[in-house]
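One structure is given below, encoded as structure tokens.
No value in this document is a laboratory result; all are computed from the given coordinates. Computed from a predicted model, the values in this text were never measured in an experiment. Cβ sites come from the backbone with ideal geometry, for glycine too, and all protein chains shown count toward neighbours.
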Amino acid sequence: MSKAGIFAGVVAVVVAAATGYTIAKQQSAASADSSLGAGDTPSAESTLSSKRASASSNAGAALVAATSSAGKIIVVKPGSLIQDAVNQAKAGDTIQVLPGTYSETVYIDKDNIALVGVIKEGVWPVLDGMGKLNDAVLYSGNGIRVENLKIVKYKGNAIMGQAGNNFVIRHNWIVDTGVYGIFPQLGQNGLIEYNVLSGIEDAAIYVGMSDNVHVAHNEVFASVAGIEIENSRHAIVENNMVYDNAGGILTFITPGLPIKTTFDVIIRNNFIVGNNHKNFGAVGSIVSGVPSGTGILVMAADDVVIENNIIRDNKNAGIIVTDHKNASNISPDPESDPNPDRVQILRNNFSNNGYEPIPEVKALMVASLTRQGPDVVAVGGGTGSCMIDKAAHATLGIGGWSSTCAKNTTADIVTLLLDKPAPPRSTESADKGKVLYNGICAGCHAYNARMIGPPTQIIQAMYAGNAQGIAEYIAKPVKKRDDFPPMPTQAHLNSEMRRAVADYMLSVKK
Ligand code: HEC
């Protein structure tokens, strides 16, 4: 969406229809713990450590335990390749990376591997892309854990998941790694915690087309978007420190992706402060349209609950709620509902937001005769939304919202992670192309909108009847367009997989 586009429309009156509350899966800390033994039999050690962790009521303890591998330990020293260790590893093994510098892209296409850095006397193992390599860690296996790595100067992603379920990404330190920092795509049941990220051109933590994800205790700053939950369901974003980004926490539907909805997202207990960084997103990208100074942005997502955050000093607005119509750069997707429905703003601590709003917000202020910049501003359609304490805060465009919500707190919902590990995605050959496309390509190619790469529709026209041509291009992409970044090689896929994904790319219809 372009900056001008976000508020291009008139403020629509939102009809408050206090409909049912989101059917969030509720789970107590105790049941999270009992799920421990439900998957693979954990080793005595992992049982122990998970009990300790759950004693501190960590929502992801069971998942961490499930990825605490019981196999061999393979140690990687500076001067050797992490990839060699991955190639040797079997399911259940742990790869320990000793302090030192490594410059490579690590592909993990097996299940149940833990890739864990060893930090000694304050010295980290560093993966350095030297401004040349695209990705640091790419995984497509299930039950992958990536921990204790410092990742710097890549051009694409620090850690990207491609259709891997039951993942744990924690305690990493990520600086200037290009488009995304931590990016699980098409994953189910994952934990992202205690990471520090900065200097990312799009979203520092980007949960894309995923389900049952817990994003907690991360520090994200100096990026275009701090944390983004996109085309994803059942996510909790809590206890994060999110500051000095252009936009703090975003949850939305990007049209033209294979997964068409975003709903059941809880954003709570975060510090969302001073997100006034200049927006340095790639021209034409969706996040480049997020106005600097935005604390939280909800676009077309449903059943989003925003509770107990400290939302302060965001110069444009504390929270923006918008539909797709008020965003340009967004071609409507007939299969996505463009309206944000049942957004529930519970108690939050707002102060000093909206002190220097974009002209479109100023115009709304003039129209509604307010002088105070907004804590909350809503534009466009949507029904069933509410804000507790509405009268206590500076708001625009939420006149029709109810001032009572069906629930006053989400405290009873500890986690939306699953009790048992999610089954792996189908690798039936009939589905392989689809899983690869959704898991890898759709992160950059939407059907009819520009993301990082050109729209799939345009590629279909160029390569009609020539799947082999695509399969060859992606093994060794050459630079074609001046106004796009280079496409990263997919040489880690074998020729049969490349052909399967190429066939699927040509057949996809939306
Ligand atoms: C990290 C982002 C990214 C990912 C992931 C990605 N692409 Fe691309 N792709 C691009 C960009 C950027 C371009 C434009 C490159 C250029 O014009 O130089 C591109 C261009 C292409 C083209 C056009 C080639 C041409 O002749 O113009 C094809 C075909 C393609 N990608 C296929 C795929 C397939 C298949 C996948 C998944 C296996 C995929 N891409 C994954 C970013 C990506």
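Please sort 124-130, 458-464 by packing, taking for each peptide the average over its residues of neighbouring beta carbons within 10 angstrom, highest first.
124-130, 458-464
Binning every alpha carbon pair distance of the chain at 20 Å from zero, what are the percents per bin?
Bin by bin from 0 Å, the calculated values are 24, 57, 19, 0.
Report the label-to-label distance for Thr261 and Lys77 in nanometres (one decimal), using points 7 Å from each Cα along the Cα→Cβ vector.
Label at Thr261, label at Lys77, 5.4 nm between them.
When only Cα pairs under 8 Å and 6 or more residues apart are kept, what is the percent relative contact order across the stretch 370-462? Working shown, then result.
Numbers: 68 pairs, mean separation 14.2, N = 93.
Relative contact order for the stretch 370-462 comes out at 15 percent.
Unpartnered cysteines of the chain (Cβ-Cβ under 4.7 Å counts as a partner)?
Lacking a cysteine Cβ partner under 4.7 Å: Cys441, Cys444.
Which lysines have a Cα lying under 18 Å from the Cα of Lys362, excluding residues fewer than 8 positions away in the same chain?
Lys3, Lys315
Please report the spacing between the Cα centers of the stretch 76-152 and the stretch 364-443 in Å, no decimals.
Their Cα centres are 34 Å away from one another.
When the helix-only estimate is applied to the chain (DSSP H runs of n ≥ 4, each -39,500 (n - 2.57), divided by the residue count), what is the mean residue ellipticity at 222 nm, nearest 500 deg cm²/dmol? Please report the intermediate quantities before stating the final value.
On the way: 10 runs with 84 residues, N = 510.
Estimated from H runs of four or more residues: -4500 deg cm²/dmol.
Report, ordered by chain and residue number, the lysines lying within cross-link reach of Lys480, taken as a straight Cα distance under 22 Å and ignoring same-chain residues fewer than 8 apart.
Lys132, Lys155
Which residues make up the longest stretch of the chain that has no GluC sites (Glu not before Pro) in a DSSP loop with at most 14 other Cβ atoms within 10 Å?
In the chain, the maximal stretch lacking such sites is 122-334.
Relative contact order (percent) for the stretch 429-507, with alpha-carbon contacts under 8 angstrom and 6 or more residues of separation?
36 percent
When Val298, Val175 are ordered from fewest to most other Cβ atoms inside 10 Å of their Cβ, what list results?
The order, fewest Cβ neighbours first, is Val175, Val298.
Using a cut-off of 12 Å between beta-carbons, work out the net charge of the residues near Asp93 (Lys and Arg +1, Asp and Glu -1, Asp93 not included). Don't skip to the answer; put the middle values down first.
Values: positive: Lys72, Lys90, Lys110, Arg145; negative: Asp111.
Residues close to Asp93 contribute a combined charge of +3.
Compute the helix-to-body angle for 495-507: its Cα long axis versus the longest principal axis of the chain, expressed 0 to 90° and rounded to tens.
For helix 495-507, the angle is close to 30 degrees.
Between the stretch 304-344 and the stretch 483-508, what is the C-alpha centre distance in whole Å?
Computed from Cα coordinates, the inter-centre distance equals 33 Å.
Given labels modelled 7 Å from the Cα in the Cβ direction, how far is it in nm from Thr404 to Asn308?
Between Thr404 and Asn308, the label points sit 2.3 nm apart.
Would you mind checking the tilt of helix 429-439 against the longest principal axis of the Cα atoms of the chain, expressed as 0 to 90 degrees and rounded to 10?
The two axes meet at around 50 degrees.
Cα centroid distance between the stretch 261-291 and the stretch 192-217, in Å?
Spelled out, the Cα-based centre of one part sits 12 Å from the other.
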